1. Looking at region 335-349, which of its residues are loosely packed, with under 14 Cβ neighbours inside 10 Å and in a helix (DSSP H, G or I)?
2. Would you point out the residue of region 265-306, among those that are among the hydroxyl-bearing types (Ser, Thr, Tyr) and either out of contact with any Phe, Trp or Tyr (no Cβ under 7 Å at 6 or more places or on another chain) or at pLDDT 95 or above (or both), that is nearest to residue 340 (Cα to Cα)?
3. Which numbered condition trips up residue 96, out of (1) under 17 Å from the mean Cα position of the chain (by Cα); (2) aromatic (Phe, Trp, Tyr); (3) in a loop (DSSP other than H, G, I, E, B)?
4. Yes or no: region 196-203 includes at least one residue that is touching a strand residue (DSSP E or B) at 6+ places or on another chain (Cβ under 7 Å) and among the aromatic types (Phe, Trp, Tyr).
5. Could you please give the count of residues in region 287-322 that are without any contact (Cβ under 8 Å) to a residue 12 or more places away in the chain and either buried (at least 21 other Cβ atoms within 10 Å of the Cβ) or assigned to a loop (DSSP other than H, G, I, E, B) (or both)?
6. Can you tell me which residue is surrounded by the fewest Cβ atoms within 10 Å (Cβ to Cβ) among those in region 195-236 that are at pLDDT below 95 and β-branched (Val, Ile, Thr)?
7. Determine whether residue 262 is under 17 Å from the mean Cα position of the chain (by Cα), at pLDDT below 95, within 30 Å of residue 180 (Cα to Cα) and not basic (Lys, Arg).
8. Quick check on region 237-276: of everything there that is closer than 24 Å to residue 212 by Cα and among the charged types (D, E, K, R), which residue is surrounded by the most Cβ atoms within 10 Å (Cβ to Cβ)?
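The values are calculated or read from the model by the stated rules, or taken from the named source; none is laboratory data. Since we're looking at a predicted model, the values are computed, not measured. Every residue, glycine as well, gets a Cβ built from its backbone with ideal geometry; the counts of neighbours run over all protein chains shown.
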Amino acid sequence: MKKIVLTGGGTAGHVTPNIALLPSLQKMGYEISYIGSYEGIEKRLISDFAIPYYGIATGKLRRYFDPKNFSDPFRVMKGFAEARKYLKQIKPDVVFSKGGFVSVPVVRAAASLKIPCIIHESDMSPGLANKLCIPVATKICCNFPETMQNLPAEKAILTGSPIREELRMGNKIAGLDFCGFSANKPVIMVIGGSLGAANVNAFVREALPDLLEDFQVVHLCGKDKVDNLLLNTKGYKQFEYIKSELKDLFAMADIVISRAGANAICELLALQKPNILIPLCNGSRGDQILNAHSFEAQGYSIVLEEDDITKDLLVEKVRELFCNRTLYIDAMKESKQLDAISSIVKIIDDCVKTED
């Protein structure tokens, strides 16, 4: 039986694409194991899938001064030794990495054992963890055409990001019933990531009276970010977080307002949802801004910068997007990044066959 080790962690965005690959890999007969951090989010997310999980030490490699910069390199070295031990035990044919700092010792350990490694870069510019893995990677999958220019030509492949197949299986009527919405009025879905986005929430709520004249709004606002003063507002439904019903909410949505995290916008592309992106400007390395403008240039999105948003501008752009939504859908239908799962598992399988 063919064996694969998946790795990646630190945030859900470094794990959910791996989860999206599981059904196809299992169907192709792969025995799957996962290497992550001792107690990171990846351990909790993978626990639902009955896959052997191996925890290793990990340290963050920072570009700024922090006292942990003196201790974390030793944690990385310990993680390398632990990953090497587990890889010798598992004997995988290939390693697939979705990034995050836990992936660095795993990929480096695999390379030291001559195990081929495929890595995936979600953002337009590679993060530090993937930069450390690129020299030893066999192939590098990416989401954006622009990223190809910054990667070794013989390794880089434009695949898009794998999304969970269940997101494609939503039911619009079920979504409307869940929210108590009418079928006779279009729906805006607002989503700011797993923790929500306070600024996006504020922009939408300020514009809500105008938006509700023409739309219904379902708002995934994040933990502890529900506005109790708006609980009984007709046509407006708030949720901290949605899991099983998310597919139905996507099916119901005519347009989406979202942050510009790579996995989030790849889901919008795969589901062909016209969208307004409000990239995170502060507290990140600027990847959301680059991601958003790439999608705008490809005709998939309208981008609004946080510093420029006013209530009137947001309402204007929502109406513009809705009126022109078929243009955005048609552009998304032409994308070469729509069948990421098939593309990536083929790369994985070809890599294993080459090694054989």
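1. Step one: filter region 335-349 for residues loosely packed, with under 14 Cβ neighbours inside 10 Å, giving 336, 342.
Of everything in region 335-349, just one residue is loosely packed, with under 14 Cβ neighbours inside 10 Å and in a helix (DSSP H, G or I), namely 342.
2. Step one: list which residues in region 265-306 are among the hydroxyl-bearing types (Ser, Thr, Tyr), which gives 284, 294, 300-301.
Going one step further and asking which of them are either out of contact with any Phe, Trp or Tyr (no Cβ under 7 Å at 6 or more places or on another chain) or at pLDDT 95 or above (or both), we end up with 284, 300-301.
Working: 284: 26, 300: 17, 301: 20 Å.
Among them, the one singled out is 300.
3. (3)
4. Within region 196-203, none of the residues are touching a strand residue (DSSP E or B) at 6+ places or on another chain (Cβ under 7 Å) and among the aromatic types (Phe, Trp, Tyr).
5. So the answer is 1.
6. Checked region 195-236; the qualifying residue surrounded by the fewest Cβ atoms within 10 Å (Cβ to Cβ) is 226.
7. On the way: under 17 Å from the mean Cα position of the chain (by Cα): yes; at pLDDT below 95: yes; within 30 Å of residue 180 (Cα to Cα): no; not basic (Lys, Arg): yes.
So residue 262 fails the test.
8. My answer is 273.
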